[in-house]
2 protein chains.
Amino acid sequence: MMEAEGMDGAIVLSPENIYYLTGSPFVQGSIGKILHLGRDGRDSLIVNDLDYEEAMDKSAGVEVVKTDFLEKPSERLKKIAGRALGYEEGFVSVSLHETLSKGFQLKPLKGAIEKLREVKEGEEVARIRDSQRATERALERAMKVFKVGMSELEIAAEIEYNMRREGAEVYAFENLIASGRRGVYPHGIPSTKRVGGGEPVVLDIGVKVSGYCSDMTRTIFFGAPAEEAVSAYVAVREAQEAALGAAKPGMKGKELDGVARSVLQGKGYGAYFSHGLGHGVGIAVHEGPSAGPRGEDPLVPGNVVTVEPGVYLPKRFGIRLEDMILIREGGIENLTSFTKDMLVF
Amino acid sequence: MMEAEGMDGAIVLSPENIYYLTGSPFVQGSIGKILHLGRDGRDSLIVNDLDYEEAMDKSAGVEVVKTDFLEKPSERLKKIAGRALGYEEGFVSVSLHETLSKGFQLKPLKGAIEKLREVKEGEEVARIRDSQRATERALERAMKVFKVGMSELEIAAEIEYNMRREGAEVYAFENLIASGRRGVYPHGIPSTKRVGGGEPVVLDIGVKVSGYCSDMTRTIFFGAPAEEAVSAYVAVREAQEAALGAAKPGMKGKELDGVARSVLQGKGYGAYFSHGLGHGVGIAVHEGPSAGPRGEDPLVPGNVVTVEPGVYLPKRFGIRLEDMILIREGGIENLTSFTKDMLVF
């Protein structure tokens, strides 16, 4: 691509892309490092004093370059790089682009690195498996103390305590514990609300192990559920099973979404499934390819995507089930093994 | 500003800025909502189906507008907004800018909203206090089971379990538990490493309560520390006390940084304090104003900033102490009350 586009090299600023290419770790939301990919194959990771030891210990296949104190990484970049550089136009802000444009001629990388990340290699799948296993074991252990009257925060405390003990180095996202009518919130972070009376509780949970995310949703019940919740649960489960049965390489993401959506539409829940069916999972918990209604790319072996239909009845409750699948030659493998039977506590 | 710059209105896309202006919550890393600020004072929050219920329940002072399924928020924006719009040039990516420029004439907001966020009102300070109190109580409770031989992950499990029980709705950042030589890592997320032999353990921890962050670092010891660790601890504590004693309104962030830095330089640790002294804390755990060596803005009443000197000896250990202070008329208030005595487990 560098040759075709007349680039002397490329700069990578997204922490997830830097981790993917070098193994250099990041705190969520952090920036500051610059990875320079040379057209000659020589790559340099420019870091400040603070990041130097960790980058030296953990980065592979790259020369680690330390800036002087107060020297900006972009100043050091000028000493290393040519003039025409690829850059991540979907990540770099307008301000940063303006600053970098003073020293370089920037050309869009057009999502090339993100596209590579969509196809997982064996080692990456192994890490996602480890991550998912830690999540499932944690939930199994935590459930032993679930009972009517607990608060959402107490449920979160039990799950995350066991996630740490199962090796979670960090959470893959803000774990969501949303009961009753809070189950319709996309941002259903746990609250002091106590749970009971047959309420469905949406648990959307995941961790990172060795830098890779897992992502699973189960909806469980505190007390015997009412019939309308059981009906919605059964519909969501059928929609998910239909999608899991249909998924295969070559299918577009939006086609897979359509399989689950048509099941829910047939049961009268079409208007209450208000998000896409799924998304890719890897170093980021939300990455490509999309398995939503705008997913135009065909799924290919090595993709890891979620399959997560849901039904959200305003002012009532939400139900969602989410598995992660690996697209393989000729079919799929479900990376999630946690039960989908209705669990009542 | 809209009048002076000839804007018909402004669009706000950063989740933190939207939360600040409306109360509409967000998952870290999420985007998708558009807040339109009308020059006539009429504001609209454009959300998709999924976000609608939560936005209706939690947003204030703003009309919530729901898009049709698959309609992009930017399409709906065209029906509401004028042509010349302010936008967050430090947040919006080059790609997104290109898309929005097809329908609008975009003008930089120059960090105006972030600047407002730097000065906390009483209710905001109250939330930061609640958040900090939850963190301190959680650490106090967790410490009761600390003992030599625990792993960093077990330490994290105990702290976070108690954070949830103290009402943490989410963690403010990836809690760092970094022992021994791992203490020099800025990304010192907990590992399976067991702790003992007098090792210092850096605990950099914080939660969110009612949408506002807390941020505290303590360095504790598992077993009796060696003399070089004690010396470094004493130096860091002195540097912090000097900065806490000197902080006042009107002082530039870099001047405050200089107070702590000169103490550490005087003790021969100057080369080992490889980051800025502090940063603002609020809805985001890292926001303005800076109290680092590039902090040119004078501190003003209502700023909440961290004071966190550290010493990092490569291949050996790290020591850091971090308090959050509120700048007030005529002085400061330390929002952190957790002991800085050397704690040995």
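The values are calculated or read from the model by the stated rules, or taken from the named source; none is laboratory data. Note that the structure is a prediction, hence the values are computed from the model and not measured. So basically every Cβ, Gly included, is an ideal-geometry build from the backbone, and we count neighbours across all protein chains shown.
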- Task: Give the residue that is surrounded by the fewest Cβ atoms within 10 Å (Cβ to Cβ), with candidates limited to residues of the range B:38-59 that are farther than 16 Å from A:Leu313 by Cβ and free of Cβ contacts under 8 Å to residues at least 12 places away in the same chain.
- Result: B:Gly41
- Message: Report every pair of residues separated by at least 6 positions or lying on different chains whose Cβ atoms are under 8 Å apart, first residue within the range B:60-78 and within 12 Å of chain A (Cβ to nearest Cβ), second in a helix (DSSP H, G or I) and surrounded by 14 or more Cβ atoms within 10 Å (Cβ to Cβ).
- Response: B:Lys66/B:Asp49; B:Lys66/B:Tyr52; B:Thr67/B:Asp49; B:Thr67/B:Pro73; B:Thr67/B:Arg76; B:Phe69/B:Asp49
- Task: Give the residues of the range B:292-317 that are closer than 20 Å to B:Glu121 by Cα and among the hydrophobic types (A, V, I, L, M, F, W, C), sorted by residue number.
- Result: B:Leu299, B:Val300, B:Val304, B:Val305
- Message: Name the single residue that is farthest from the chain's Cα centre (by Cα) among those in the range A:25-48 being at pLDDT below 90 and among the small types (Gly, Ala, Ser).
- Response: A:Gly32
- Selection within the range A:13-35 - out of contact with any Lys or Arg (no Cβ under 9 Å at 6 or more places or on another chain) and either over 17 Å from A:Ser74 (Cβ atoms) or away from chain B (no Cβ under 13 Å) (or both): A:Tyr19, A:Leu21, A:Val27, A:Gln28, A:Gly29, A:Leu35
- Item | Matching option when the condition is more than 14 Å from chain A (Cβ to nearest Cβ), of a type in the set (Asp, Glu) and in contact with a Gly (Cβ under 7 Å, 6 or more places away or on another chain), among B:Glu124, B:Glu136 | B:Glu124
- Residue match in the range A:223-230 (condition: closer than 16 Å to A:Lys340 by Cβ and in contact with a Leu (Cβ under 7 Å, 6 or more places away or on another chain)): no
- Message: Restricting to the range B:192-222, give me the number of residues that are under 25 Å from A:Glu166 (Cβ atoms) and out of contact with any Gly (no Cβ under 9 Å at 6 or more places or on another chain).
- Response: 5
- Output for the range B:83-92, where each listed residue is more than 22 Å from the chain's Cα centre (by Cα) and either more than 20 Å from B:Gly32 (Cα to Cα) or without any contact (Cβ under 8 Å) to a residue 40 or more places away in the chain (or both): B:Arg83, B:Ala84
- Message: What's the total number of residues in the range A:21-60 that are out of contact with any Ser or Thr (no Cβ under 9 Å at 6 or more places or on another chain) and over 26 Å from B:Ala271 (Cβ atoms)?
- Response: 7
- Item | Residue count, the range B:293-312 (criterion: crowded, with 18+ Cβ neighbours inside 10 Å and either at pLDDT below 95 or within 24 Å of A:Asp49 (Cβ to Cβ) (or both)) | 9
- Identity of the residue in the range B:282-317, in a loop (DSSP other than H, G, I, E, B) and away from every other protein chain (no Cβ under 14 Å), that ends up farthest from B:Gly206 (Cα to Cα): B:Asp297
- Can you name the condition, by its number, that B:Glu114 falls short on among (1) under 21 Å from the mean Cα position of the chain (by Cα); (2) outside any helix (DSSP H, G or I); (3) within 14 Å of chain A (Cβ to nearest Cβ)? (2)
- Do we have any residue at all in the range B:208-220 that's crowded, with 22+ Cβ neighbours inside 10 Å, within 11 Å of another protein chain (Cβ to nearest Cβ), in a loop (DSSP other than H, G, I, E, B) and not acidic (Asp, Glu)? no
